[in-house]
Amino acid sequence: MARFSRIEVANKMEEQGMVPLFYHADIELGKEVLRACYAGGARLLEFTNRGDYAHEVFGALNKFCAEELPEMMLGVGSVTDAGTAAMYMQLGANFVVTPVMREDIAIACNRRKVLWSPGCGSLTEITRAEELGCEIVKLFPGGIYGPGFVKAIKGPQPWTRIMPTGGVSPTRDNLSAWFDAGVTCVGMGSKLISGELLKSRDFDAIESRVVEALEIIREVRK
């Protein structure tokens with residue numbers, strides 16, 4: 001069962017302004033990444049469902065968060081069907097992120113009152129997601145659409161909250177463009193937690209990148 005309500009998660013996404021994305025099959029490495037992000041100020045992290053037995057890794061990491069990082073809201077990404085969403089919710093996922101807009105996932109998550117953020121690529125998809133109870137829409141792939149798309153959507157629908165993922169980097173220019181366009185938060189994966197840093201196990205660098213990205217977000221929002 002999720003430790004945090006969907007409203008708590010949505011509020012934290014908006015407050016923090018960034019959701020780090022990460023996947024690795026090594027549980028102990030995953031714990032260190034979580035520690036580094038937590039020390040850097042992140043209280044949300046999306047573990048992407050990509051490898052074999054990824055759910056087993058997630059389960060271990062979520063237990064670790066409950067015991068060692070009590071404020072960390074660990075969720076799951078790259079979920080493409082309701083069955084997978086239900087499996088991760090049984091493991092305590094605090095939110096579910098998908099690359100596509102699927103009503104079966106919406107129903108499964110709403111039934112458990114778990115926040116879900118579907119990948120959308122048109123105003124029609126965004127509107128349908130909101131009709132199904134979506135709090136924050138994932139714009140995916142963000143780099144294809146760009147900040148101009150977000151600005152255009154916010155014109156007729158200023159209430160829509162958008163989280164671009166893909167094409168987001170922790171630089172002042174990139175983050176300024178997205179937040180000036182009106183995004184609620186951004187999702188960042190390899191540009192924040194790179195494969196090189198994971199390979200070298202440079203957790204101090206990961207912590208520093210999280211600190212810097214969150215600071216930039218606070219500044220550009222002003």
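Since every read-out is calculated from the coordinates, none of them should be taken as a lab result. For clarity, every value in this text was computed on a predicted model and none was experimentally measured. In this analysis, Cβ positions are derived from the backbone assuming ideal geometry, glycine residues included, and neighbour counts consider all displayed protein chains.
Figures for the structure shown
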item: The chain - Rg and Dmax from Cα coordinates, angstrom; result: 16.1, 46
item: Computed FRET value (nearest 0.05) for Ala25 with Val100, which takes r as the C-beta separation and R₀ as 30 Å; result: 0.80
item: Ordering of 29-39, 108-118 by packing [mean C-beta count within 10 Å, highest first]; result: 108-118, 29-39
item: Sequence-distant residues sharing a close amide H with Met18 (under 5 Å, placed H); result: Val186
item: The chain: relative contact order in percent, alpha carbon pairs under 8 Å with at least 6 residues between; result: 22 percent
item: Over the chain: helical MRE at 222 nm, DSSP H runs n ≥ 4 each giving -39500 (n - 2.57), nearest 500; result: -15500 deg cm²/dmol
item: Within region 31-46, backbone nitrogen closer than 16 Å to the virtual label 7 Å beyond the Cα of Val211 toward Cβ; result: 35-43
item: Placed amide H near Gly77: partners under 5 Å, 5+ positions off or other chain; result: Phe47, Thr48, Asn49, Val97
item: Ser200/Ile144 FRET efficiency (R0 22 Å; Cβ-Cβ; nearest 0.05); result: 0.10
item: Extension reserve of the Glu131-Arg3 stretch, reckoned as 0.36 nm per residue once the Cα distance is removed; result: 43.5 nm
item: Extension gain from Thr80 to Ser169, taking 0.36 nm per residue of separation minus the Cα-Cα distance; result: 29.6 nm
item: Packing-based ranking, highest mean first, of 175-187, 155-167 given that Cβ atoms within 10 Å are counted; result: 175-187, 155-167
item: Simple label model, 7 Å out from Cα along Cβ direction - Arg111 to Tyr53, nm; result: 2.9 nm
item: Ala60 paired with Arg43, simple spin-label distance in nm, labels 7 Å along Cα-to-beta-carbon; result: 2.8 nm
